[in-house]
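Enquirer: Can you read through this structure? Questions will come right after.
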């Protein structure tokens, strides 16, 4: 009962005029940052941090928290409408979201995203309040072997991303992992695959791979197909289309799985929304009711990654507030705001500054609802872009891609890299190689390498530690099952066909 009383006081603090205005500003900024490829959510929160220096601790934290919450949703617009993921976490979303939009239902695709963000965010916020203590105790037991096992589980989702050809998916994944190794080794400082080219010494940003392969690759594919000057879908009759209650009931299993999974992955320090999104989509591809239809524009392919991404926000806040351990890149910036105002996050915060903690809890609730209200009206405006002729839309996408390339590191060389990956994406589409595993490898590869190398250093090169520790061993078993089960299922189906 006492937490509810504190939470009520937190809502009272959030709804003070100044704090409410700051929250709305944070929501708008988070949406804008997430929409722009190249300007990542973490980068946006970092840029906002200096503006909090002159604020009080409460409005500063509300601003950054609101940006964090809305940033997990804003990238859905460009992912669904343009096939350009604003954030890495939006990559799984576009596989079915873009397919649904191209099938003539862009408003419904965005409506599913809106529902998923709202439902996942509220469930995670409730869990954040009720389960902070117990879940934080579990997170305290995790170390780098567990982090590596979780990332490996995300990479194992490649079996669901390759369509009908697992070998092509593995080739694509291997290429993504190779791309991730280019540049200076973060552990030992050695140069790898740079070929004495200065541009490659700093590595290849995953943003260039993601935006180039999906954005420019799609434009090149359209040019080859000579789609002409007509728009994809006239939107004069399209309005915001939220899913029906019957349709929502049909995906309740997906929603439950993704909410829980996203929250738990968010709790693991360093995991974050990207891994939650990929893993949730992979789990849906393995065990979902309509797993064989994933990638064809079904609701489950939208609900799974978006619900997990948004629910990871509540999970990531738990270790920050209870242990002083950031659960994601954005929460690391929020932790910096704490420290700038002389407050050390951790268990003592609940006793010394409990009002601040519950104000943050309340701001997550309000931010989730406010984000969806803004998104509801933004859909009506953004869907209209499909009324533009195809040539204008393609030119806009190209400009957007180049802006994303320059926003990453502000180097002209990145423009050439994004063009190169645009050509790779075009060739992948032509020869029916899946792009998703390559992007997956480029995003998760560095995280996997860092966790693996840190584990080897900490445990004296004993690779068995991944299997002997209970939690990491359990996750590794799930990874193995995720890789072997599709092969078993295919063998079983072939056997049934022969018997029949």
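Enquirer: Please find, among 41, 27, the residue that is modelled with pLDDT of 85 or more, within 18 Å of residue 364 (Cα to Cα), under 22 Å from the mean Cα position of the chain (by Cα) and buried (at least 24 other Cβ atoms within 10 Å of the Cβ).
Expert: 27
Enquirer: Might you let me know whether the range 432-454 holds any residue that is modelled with pLDDT of 80 or more, assigned to a helix (DSSP H, G or I) and surrounded by fewer than 15 Cβ atoms within 10 Å (Cβ to Cβ)?
Expert: There is no residue in the range 432-454 that is modelled with pLDDT of 80 or more, assigned to a helix (DSSP H, G or I) and surrounded by fewer than 15 Cβ atoms within 10 Å (Cβ to Cβ).
Enquirer: Quick check, is residue 176 in contact with a strand residue (DSSP E or B) (Cβ under 8 Å, 6 or more places away or on another chain) and either over 22 Å from residue 296 (Cβ atoms) or modelled with pLDDT under 85 (or both)?
Expert: Criteria not met by residue 176.
Enquirer: Under the condition of being over 29 Å from residue 206 (Cα atoms) and outside any loop (DSSP other than H, G, I, E, B), which residue from the range 455-470 is modelled with the lowest pLDDT?
Expert: It comes out as 470.
Enquirer: When you scan the range 305-420 for helices (runs of 4 or more DSSP H) that lie fully inside it, which ones turn up with 1 or more residues that are under 20 Å from residue 130 (Cα atoms), more than 25 Å from the chain's Cα centre (by Cα) and at pLDDT below 80?
Expert: 349-352, 354-382
Enquirer: Does the range 477-485 contain any residue that is closer than 30 Å to residue 218 by Cα and at pLDDT 85 or above?
Expert: no
Enquirer: Tell me whether the range 259-268 contains one or more residues that are under 24 Å from residue 310 (Cα atoms), at pLDDT below 80 and part of a loop (DSSP other than H, G, I, E, B).
Expert: Scanning the range 259-268 turns up at least one residue that is under 24 Å from residue 310 (Cα atoms), at pLDDT below 80 and part of a loop (DSSP other than H, G, I, E, B).
Enquirer: Next question, about the same structure. Which of the residues belonging to the range 6-20 are more than 20 Å from residue 73 (Cβ to Cβ) and touching a helix residue (DSSP H, G or I) at 6+ places or on another chain (Cβ under 9 Å)?
Expert: Correct list: 6, 7, 8, 9, 10, 11, 12, 13, 15, 16, 18, 19.
Enquirer: Tell me whether the range 60-74 contains one or more residues that are surrounded by fewer than 24 Cβ atoms within 10 Å (Cβ to Cβ), part of a helix (DSSP H, G or I) and either at pLDDT below 80 or touching a helix residue (DSSP H, G or I) at 6+ places or on another chain (Cβ under 7 Å) (or both).
Expert: yes
The values are calculated or read from the model by the stated rules, or taken from the named source; none is laboratory data. Only a predicted model underlies this, so the values are computations on that prediction, with no experimental measurement involved. Quick reminder, even Gly has a Cβ in these numbers, built from the backbone with ideal geometry, and neighbours come from all protein chains shown.
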